Amino acid sequence: MDYNSFKEIIHGRRSIRKFTDQAVSNEIIEEIIDCARYAPSDTNSQTWEFIIIKNTDKIKKIEEMTWDSLHEVAEKAKEKGLEKEGKLLVRSFGPYATAFREAPVLIICLATPYESKFRTKIFDPIGFVENEVWKEEGIKSSCLASQNLMLAAHALGLGTCPMTGPVLLAQDKLRTYLEIEENREINMVISLGYPSEPAKKLARKEVGEIIRYVD
């Protein structure tokens, strides 16, 4: 394996918000998901599932649900005397939360509950942790799979953008609309398509700022 080529894939990935009209084939999507499923997970629990949406009407509907929820939050802020903040939320956060609107594919990343023989035979019988913790464990592994997905897409010349805005704002509406089971957590949504323009390189913290050695 050539390390420099691998590093270039990681350093070159950007969040893409503008896409061409070029369709993404199912073969490409499944190739990307194949890479996603090789992410590490707690005791190989593989706590991830993906809903693929290529229907533009459905993508538009999810955008509308997100905007509707955003305006609902802004209205509640207004009722609390925070009208300025509510307007700022809509104006500044709205475009980021709905940056998937031009994408030919929208991927809903789900986290399934952590299940393993360790949980069944040891953790649950002794009350190791609260049940809510197992949801968190599922989400952690699902995030790792999502990163694999985005890196694979970039290596194939596609762009992605991970977003939690629709989840924060319209999770219940999304769950109902897409008939997502209650024991599945909606982790994030990822737009997927061919970039219409290159994304700018953003500054990163230096290694020295994020590392600490312990003797």
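The values are calculated or read from the model by the stated rules, or taken from the named source; none is laboratory data. No experiment lies behind these values; they were computed from the predicted model shown. Quick reminder, even Gly has a Cβ in these numbers, built from the backbone with ideal geometry, and neighbours come from all protein chains shown. Side chains included, ligands, DNA and RNA excluded: accessible areas come from the protein's heavy atoms. Shrake-Rupley method; radii C 1.70, N 1.55, O 1.52, S 1.80 Å.
Could you list all residues from segment 92-111 that are outside any loop (DSSP other than H, G, I, E, B) and in contact with a strand residue (DSSP E or B) (Cβ under 9 Å, 6 or more places away or on another chain)?
The answer is TYR96, ALA97, VAL105, LEU106, ILE107, ILE108, CYS109, LEU110, ALA111.
Could you count how many residues in segment 105-139 are among the polar types (S, T, N, Q) and open to solvent by 60 Å² or more (accessible area, probe 1.4 Å)?
Total satisfying the criteria: 2.
Can you tell me which residue among ASN148, ASN183, ASN131 is over 14 Å from the mean Cα position of the chain (by Cα) and under 14 Å from GLU49 (Cα atoms)? Let's see the steps before the verdict.
Details: ASN148 fails: over 14 Å from the mean Cα position of the chain (by Cα); ASN131 fails: under 14 Å from GLU49 (Cα atoms).
The unique qualifying residue is ASN183.
Going by the conditions given, is SER142 open to solvent by less than 80 Å² (accessible area, probe 1.4 Å), of a type in the set (Gly, Ala, Ser) and under 27 Å from SER5 (Cα atoms)? Please lay out each step first, then the result.
On the way: open to solvent by less than 80 Å² (accessible area, probe 1.4 Å): yes; of a type in the set (Gly, Ala, Ser): yes; under 27 Å from SER5 (Cα atoms): yes.
Yes: the conditions hold for SER142.
Checking the condition part of a helix (DSSP H, G or I) and within 20 Å of the chain's Cα centre (by Cα), which residue from LEU70, LEU89 passes? Walk me through it before giving the result.
Details: LEU89 fails: within 20 Å of the chain's Cα centre (by Cα).
Matching residue, one of LEU70, LEU89: LEU70.
Residues that are modelled with pLDDT of 95 or more, open to solvent by less than 70 Å² (accessible area, probe 1.4 Å) and farther than 16 Å from VAL189 by Cβ: does segment 15-25 have at least one?
Yes, that holds for at least one residue.
To keep it simple, each residue is scored yes or no on (1) of a type in the set (D, E, K, R); (2) in a loop (DSSP other than H, G, I, E, B); (3) within 30 Å of GLU72 (Cβ to Cβ).
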position	(1), (2), (3)
ALA152	no, no, no
LEU168	no, no, yes
LEU174	no, no, yes
GLU181	yes, yes, yes
MET188	no, no, yes
ASP215	yes, yes, no
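If I ask for residues that are surrounded by fewer than 17 Cβ atoms within 10 Å (Cβ to Cβ), touching a residue at least 12 places away in the same chain (Cβ under 8 Å) and more than 20 Å from VAL133 (Cβ to Cβ), which ones from segment 173-188 would you list?
Matches in segment 173-188: TYR177, LEU178.
Do we have any residue at all in segment 44-56 that's open to solvent by less than 30 Å² (accessible area, probe 1.4 Å), modelled with pLDDT of 90 or more and more than 21 Å from the chain's Cα centre (by Cα)?
Step one: list which residues in segment 44-56 are open to solvent by less than 30 Å² (accessible area, probe 1.4 Å), which gives 45, 47-48, 53.
Subsequent filtering for residues that are modelled with pLDDT of 90 or more retains 45, 47-48, 53.
After this cut, where a residue has to be more than 21 Å from the chain's Cα centre (by Cα) as well, the list is none.
Among the residues of segment 44-56, not one is open to solvent by less than 30 Å² (accessible area, probe 1.4 Å), modelled with pLDDT of 90 or more and more than 21 Å from the chain's Cα centre (by Cα), which makes the answer no.
Is it true that some residue in segment 73-86 is open to solvent by less than 40 Å² (accessible area, probe 1.4 Å), assigned to a helix (DSSP H, G or I) and either among the hydroxyl-bearing types (Ser, Thr, Tyr) or at pLDDT 95 or above (or both)?
Initially, segment 73-86 is screened for residues open to solvent by less than 40 Å² (accessible area, probe 1.4 Å), giving 74, 77, 86.
With the extra rule that they be assigned to a helix (DSSP H, G or I), the set shrinks to 74, 77, 86.
Adding the requirement that they be either among the hydroxyl-bearing types (Ser, Thr, Tyr) or at pLDDT 95 or above (or both) leaves none.
Checked segment 73-86: no residue is open to solvent by less than 40 Å² (accessible area, probe 1.4 Å), assigned to a helix (DSSP H, G or I) and either among the hydroxyl-bearing types (Ser, Thr, Tyr) or at pLDDT 95 or above (or both).
I'm checking my understanding of the structure. Among residues of segment 1-14 that are in contact (Cβ under 8 Å) with a residue 60 or more places away in the chain and out of contact with any helix residue (DSSP H, G or I) (no Cβ under 6 Å at 6 or more places or on another chain), which one is least open to solvent (accessible area, probe 1.4 Å)?
Narrowing segment 1-14 to residues in contact (Cβ under 8 Å) with a residue 60 or more places away in the chain: 9-10, 12-14.
If we keep only those that are out of contact with any helix residue (DSSP H, G or I) (no Cβ under 6 Å at 6 or more places or on another chain) as well, we get 10, 12, 14.
Details: ILE10: 71, GLY12: 23, ARG14: 52 Å².
Selected residue: GLY12.
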